[in-house]
Structure formats: C-alpha cells, structure tokens
Amino acid sequence: MTVASPTLRGTDVLIVGGGMIGCALAERLTLDGASVRVCERGGVASGTTAHGEGNVLVSDKGPGPELALAQLSRRLWPTVLERLGHDAATIEWEPKGGIVVATTDAGATALTAFADGQRGAGVRCEHLDADQLAAAEPALTRDVCAAVYYPEDAQVQPAGAATALLGSAIAAGAVVETRCEVTAPLIRDGRLIGVRTTRGPRHADVVINAAGPWSGAVSELLGAPIAIKPRRGDVLITAPMPPTVFHKVYDADYVGAVGSSDAALQSSAVVESTRGGPLLLGSSRRQCGFDDRIRPDSLAAIARKALRLCPILADVAIMRAYGGFRPYVDDHLPVIGPDPRLPGLWHATGHEGAGIGLSVGTAQLISSALAGRRDEVDIAAFAVDRPAVITSPTEPSNEKVYR
C-alpha cells in the first residue's frame, strides 16, 4: 500500500479532463497529498485516450525536451505498474520494443543520423542487418535499406491505463465527476479560485486544464486562451491474427509526419500487434477541426503504406476503423505549467499523439512544480508563455467575479 507524501497536503486541485493526462495527474497528485477533484464533461477516457494506440515511445523523438520527458516517463512506468499492483493487468503493459525501418537510401541516411543523435542523448538503439531484421520480424518486407531497434519502446491499452490510474487516485481519496462540464471561471482579486460547472461551482487552489484537444476551448472560457488545435488521426484494425508482428514497426517517415506542421493529410506506415490478436495499422495526421468523419483517402493511404511495409497483410481482413483528435501545438511541444496571466490556472496539454507515453512524466513535473521542487527535466521548456502557445497579449478579465 502506498502512503501519500505530505508535499502537497492542504492543496486543493481541480483537474479539467478525465483522459490519460488527467488520470495520471489525479493519481500522482493525490498520492503526493493533494485533495483532488476531476471534472470530465463526458466519460472517463472517452475522448482522445479511447482513440489512440497506447504508444510509450522514445524512438520517434529527437534530442531535446520532449525526448527528455519521454525518457523520464519510460523510467517511471515500471514504478507506476508496481504501485498499481493487480490493477496493472488492465494496462496490458507490453515492453516489446520498436523497430524503425527505411525503405529508401535517402531514408536510410536520415534514419542513421537520427539514431546517432538519439544515442548521444542516452537512447538505447542498435542497427539491425538484414538477417537480424528477418529474425525479429519475419513478415516484414525485405525491401529495407536500414533498420534500427529500440528496446525501450512499449505499449499499453490506453483506456485500461487511464482507468487503472484513476482507480488508484480514487482509492487514495480523489473525487471524480463525469458529465460535469466547465461553464465559467470563478475569479477573485485576479486569481482563479475554481470553476462553475453544469453540476455547480467547484472551488480549488489550483485548476489544471488537461482537456486535450479541447484545452483551447477551456482556456478561452477561463479567460486565458492558449493555441491548442485538434489534429485528427485514423487507425485501421485487422481481424484477429496469430502472432505475426512482434514489435511496434514503422517506417522512418513517421517521424517526419509527426513533426510536420502541414494541415493536409500526412501518413506513414505503422504496424503493431495487440494482446487480443488484431493488428493496429496507422498512421495519419490532418488538421480538419473537430470534423469526425472518417475519410477514405486517409484509410487508403494507411492501407497502402502498411501493405508496402508488411505484404502479408494483403490477405488480412479489416475489422474496423476509428479516428480521434490529438492536442496539437505549432512548435510540437507539450504545454505544462502555470499560466502567467491568471494565477491559479495551470495547463497540462498539447502532447498530440504522445500523451499516453508522456502522461506519468507530465504528472511528476506538475507535482514537483506545485511543491516547489526542481525535477530532472526542466519544466521551463514546456512553459505557457511561448509564441506558439499564447498568440494574443490579451489579459484575462477580472470582471467575472463569483463568490
């Protein structure tokens, strides 16, 4: 049994959003002594978290603050699993590693340079020759110019991970309210002291905006807008298969698609197994607002690139497809920390497709900062007051004063 640390005792925290980030925050902050309430406008893990692949990756991030956060999170995950005990089974933790391949000479050159840079930042990775790749992934195309193995890459079941973390938080005293939508700020003397919700006013010393792609709308409602936009991604799911793919396998152009700022469709080949048998095929990215239609061009691009990577899929049935929205920031960095315009407001958002993997590290950064502790990763790199996040100098209004 985990005993709460007293570092945040006496601090009331309200978390807006019951997705993976909100659940990780709730668990960590509650165990660190805070009184935590989660307000989720829908159901727990029903938004972005329910529409992801569960990636816990270091392979797709170049040297810099996001990689440092990914490395911290990857080190924390085993500790989190141990803490959750029997509930960890619902997370379906699979430390299966990742393999990144290049299918062109230019791609091989770029992948080799990228991996060398990561290795210099402490990432474990090793180049595979043709025989080693064939042994690791027999179903993979032989038309590969380079391959790099990342043993630290892992996968979880996203909704299972979120609910397990939230269950731990509830057991430690957290309160969770679903169907509870924020409608207005509660501001006193220029400070945010809580929010009005569809279930009544909720007061707190600290309000954390962890609403994922909807964080922009929440921040605007609270009077301190941040530039978070939805970026849509789609996934194809095959019929259940015998063991066929043994790692997360993706083409090296996936990194470029993640880092692209182009609003048009970006796609790359990603193939990975699940514990239940189906394969997940991705990936796509497109800025289309909150348009939730599944588009044939996106699915066709995913299927075409997955077939090139893994030709055996030509005879495999597609069971279903789904899509979801990810919280996107133009400079491709999460937004983590206090809002300098409105005391009492913090943000934990903008992780785009990496929120599952970065969640527990983000929770540690927030907890450390609230307690006044320095962490091994500098939270300043994710500060709110940077050009890509605050696009207007408008100060929050103090006219809405509720008591």
Stokes-Einstein D (µm²/s) once Rh is taken as the Kirkwood radius of the range 131-179 over alpha-carbon pairs, at 37 °C in 0.692 mPa s: 221
Over the range 275-367, volume per residue of the alpha carbon convex hull, in Å³: 157
Charged-residue dipole, Cβ positions (Lys, Arg, Asp, Glu), the chain about Cα centre, Debye nearest 20: 1100
Dipole of the chain, positive direction: furthest Cα of His127, Pro338, Ala317, with charges on the beta-carbon: Pro338
Cα-Cα separations in the range 71-125 greater than 13 Å, expressed as whole percent: 71
Over the chain, relative contact order from alpha-carbon pairs under 8 Å, at least 6 apart, %: 23
Surface share of carbon and sulfur [accessible, 1.4 angstrom probe, percent] for the chain: 54
Label-point gap, in nm, between Arg191 and Ala314 - each point 7 angstrom along Cα→Cβ: 6.7
Solvent-accessible area per residue for the chain (1.4 angstrom probe, square angstrom): 39
Calculated P(r) of the range 111-158 - Cα pairs past 12 Å, %: 67
Per-q log10 I(q)/I(0), the range 51-143, q = 0.13, 0.20 Å⁻¹ (Debye; single scatterer per alpha-carbon; no solvent): -0.58, -1.11
The chain: mean projected area of Cα convex hull, nm²: 18.8
Solvent exposure, largest accessible area first (probe 1.4 Å, DNA, RNA and ligands not counted), of Glu181, Glu376: Glu376, Glu181
Farthest toward positive dipole pole in the range 28-73 [+1 Lys/Arg, -1 Asp/Glu at C-beta], among Gly42, Val56, Gln71: Gly42
Radius 11 Å from Cβ of Leu14, net charge of other residues (Lys, Arg +1; Asp, Glu -1): -1
Pairwise centroid distance, computed over Cα atoms, of the range 370-387 with the range 300-357, Å: 23
The range 99-199: radius of gyration and largest Cα-Cα distance (Dmax), Å: 23.9, 68
Heavy-atom accessible area order for Glu82, Glu137, Glu66, largest first, 1.4 Å probe: Glu82, Glu66, Glu137
Cα-based Rg of the range 11-63 normalised by 2.2 N^0.38 Å, two decimals: 1.35
Hydrodynamic radius of the range 185-280 per Kirkwood, over alpha carbon pairs, in Å: 17.3
Which of Asp87, Asp339 is most accessible, then next, and so on - probe 1.4 Å: Asp87, Asp339
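The values are calculated or read from the model by the stated rules, or taken from the named source; none is laboratory data. Given the structure is predicted, the values throughout are model-derived calculations rather than measurements. Positions of Cβ are backbone-derived with ideal geometry, glycine not excepted, and every protein chain shown enters the neighbour counts. For the accessible areas, the whole protein counts, side chains as well, though only heavy atoms, and no ligand, DNA or RNA atoms are used. Shrake-Rupley method; radii C 1.70, N 1.55, O 1.52, S 1.80 Å.
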